[in-house]
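Asks: Sharing a structure with you now.
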């Protein structure tokens, strides 16, 4: 990153696309620390998968209406929520367009891109690239 890119990122905000993905992911993880209880998040995702088993149906909530309050306030707009994976390792994905992604449960994602990290045990945070 150039000095100009860093300066523009600081001027435009800590989530500027000019800043490295790893930094934006780290900042979002810190934001989650102050808003989301990981135990409640795991419990919510477990209940969601029990109500909508991945082998029977894929759950989609395009407006993020069925979320914990802390997750709703974790970003500037509502996310999309869906389930994925196999019956032995289901996962719940919370995706904000052009922003962060949370993957709760399931196996460790094999395709962790640059900047992805394990926020809490079994909960991964990353950043969309599009």
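Asks: Cut-off is 10 Å between beta-carbons; in what order do 75, 26 appear when sorted fewest neighbours first?
Replies: Details: 75 20, 26 16.
Listed from fewest to most nearby Cβ atoms, that is 26, 75.
Asks: I've got another one for you. Sorting 77, 119 on the 10 Å Cβ count, fewest up front, what's the list? Numbers along the way, then the final one.
Replies: On the way: 77 10, 119 23.
Fewest-to-most Cβ neighbours within 10 Å comes out as 77, 119.
None of the figures in this text is laboratory data; all of them are computed from the coordinates on show. Because the structure is predicted, anything quoted here is derived from the model rather than measured. We place every Cβ from the backbone using ideal geometry, glycine too, and count neighbours over all the protein chains shown.
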